[in-house]
Amino acid sequence: MAHLSARALYRRGMGIAEIERMERLWSDFVLIVGKEVPVLHHVEGWLAGLEYLVRRLTFAGQTRQAAVGRFYNVSASTVSLRYRILVDTLDVVVFDHPARKRLHALRVLLVESGRMNEDEFQARVLTGTLT
């Protein structure tokens, strides 16, 4: 599976670092789920989910699930489902640009206005208690 994914990613113009990241993600996924690895009848869906995850992790432009799905001949909902399974199983945190902008705005509102110090802000970010 990982070897097929690497070839597909290479064909899609991804670099060696991204391909290696994809291989590590798939290996970790298989290790975590063990004997419960989903039946791989539709390898293309898993390839699409992996590619979308790697592209999100590396901020590779405005990647759309539908565009990735078209390449692998699967639906956007299949890409979404496989991506979500990978993210949830691997406990991956994907920071997208809107989330980073929101975090920056919160920092400005809380830290720079003096309502909270930087250490408290960072601690709350790490514990997920920042509102």
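What follows is calculated from the coordinates using simple rules that are stated; it is not laboratory data. Small disclaimer: the values here were computed from a predicted structure and weren't measured. Positions of Cβ are generated from backbone atoms using ideal geometry, with glycine treated the same way; all protein chains shown enter the neighbour counts.
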Based on the mean of other beta carbon atoms within 10 Å per residue, what is the order of 43-55, 118-130, most packed first?
43-55, 118-130
Return the sequence-ordered ³J(HN,Hα) values of region 18-24 in whole Hz as given by the Karplus equation 6.51 cos²θ - 1.76 cosθ + 1.60 applied to θ = phi - 60°, using x for Gly and Pro.
5, 5, 5, 4, 4, 5, 5
Starting from the 7 Å offset along Cα-to-Cβ, what nm value, one decimal, do you get for the label separation of Thr89 and Phe71?
2.1
Sorted on mean Cβ neighbours within 10 Å (highest first), peptides 107-117, 16-26 come out as 16-26, 107-117
